[in-house]
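These notes are about the structure you will find just below.
What follows is calculated from the coordinates using simple rules that are stated; it is not laboratory data. For clarity, every value in this text was computed on a predicted model and none was experimentally measured. Cβ coordinates were reconstructed from backbone atoms using ideal geometry, including for glycine residues, and neighbour counts include every protein chain displayed.
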């Protein structure tokens, strides 16, 4: 008796057992390029860990009284514990009268009087006694100024949002941090686009990443210019009114950490620019996108490091 044919010879067309072609996967195997970038990022992790660790140690070892609202950083405060300070909030309509009072009753030289006025609304004139502070404040009010008398306050480290000891524009940098985070999003979208074979979108998102990274750097340069040259700060921040690396340990740490990170961001923008140019000329495809992926890993690392630096340096 003849046996009926079985399914051993294969499923019939249209049956439920038909095997479809496997969907291509974009999970690339471990390549020499990936090994190299992970080894490089491991060294970068050690570098920034040492940098942040040094900052924490230096901050923890800063003595109480290293910073105050009336005197420049690291001023010996022995004998000045009962000092009062006159804080000039507004100079009023007659600048010359204010300068005259600062020189006569405030014991300020002409250039020092100008520095106090330039720091308004945080221009500080320290006085060794409450009586002298009240006399100076009264004379300044008579000349049309708006002033306040404050006692001496000391700190181990500059407090965030305290304009007497900390010049950092936290709100501006918070917005700039959000901008940098957005660049990580566009980087992910660029890689996803090229994995789907969409070269046009990949190029567009790479361009967006380069532009956003450049905006971050531009804001950082603007911040540096304000801190070092454009703005005049009270004596509790800097003896000469400008926040430069040599004015305090806090300033040295700030410029070292943010400057080194800015150097890494610059390198990332340059690398992304090269990748962008290659993408414009059609160098990448759904099966060839290693350069975009590896550059993206570096860029995400740089973004993550900045979030940590922003939290530690600006917010704590």
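Residue separation of residue 95 and residue 51 scaled by 0.36 nm, minus their Cα-Cα distance, works out to 11.3 nm of gained length.
Report, in cubic angstrom per residue, the convex hull volume of the C-alpha atoms of the range 126-283.
So the per-residue hull volume is 134 Å³.
Considering only 64, 225, 78, the Gaussian network model of the chain with Cα springs below 10 Å gives its largest mean-square fluctuation to 78.
A straight line joining the Cα centroids of the range 92-106 and the range 249-292 runs 51 Å.
Return a whole-number percent for the relative contact order of the range 82-151, with Cα pairs under 8 Å and 6 or more residues apart as the contact set. Display every interim value, and only then the final one.
Working: 121 pairs, mean separation 39.0, N = 70.
With pairs under 8 Å counted, the relative contact order is 56 percent.
Compared with the alpha-carbon gap, the fully stretched path from residue 78 to residue 229 is longer by 51.2 nm at 0.36 nm per residue. Of all the options 181, 194, 56, the one that moves most in a Gaussian network model of the chain with Cα springs shorter than 10 angstrom is 56.
Relative to the longest principal axis of the Cα atoms of the chain, helix 130-142 runs at roughly 90 degrees.
Computed over the alpha carbons of the range 82-151, Rg followed by Dmax gives 10.3, 32 Å. Counting every other Cβ atom within 10 Å of each residue's Cβ, 46, 187 order from fewest to most as 46, 187.
At a Förster distance of 35 Å, what's the computed FRET efficiency of residue 171 paired with residue 130, Cβ-Cβ distance as r, to 0.05? Intermediate results must be reported in sequence, preceding the final value.
Numbers: r = 35 Å, r/R0 = 1.00.
The value I calculate is 0.50.
Helix 95-104 and the long axis of the chain differ in direction by around 60°, with both axes built from C-alpha atoms.
Counted residue by residue at 0.36 nm each, then reduced by the alpha carbon distance between them, the extension gain from residue 31 to residue 104 reaches 18.8 nm. Under a Gaussian network description of the chain, with springs only between Cα atoms under 10 Å, the residue in 51, 227, 70 that fluctuates furthest is 51. To the nearest 10 degrees, how steeply does helix 170-195 sit against the main Cα axis of the chain, on a 0 to 90 scale? Taking Cα atoms only, the helix is inclined about 10 degrees.
The relative contact order of the chain, computed from alpha carbon pairs under 8 Å that lie at least 6 residues apart in sequence, is 21 percent. Pairwise Cα distances in the chain exceed 34 Å in 46 percent of cases.
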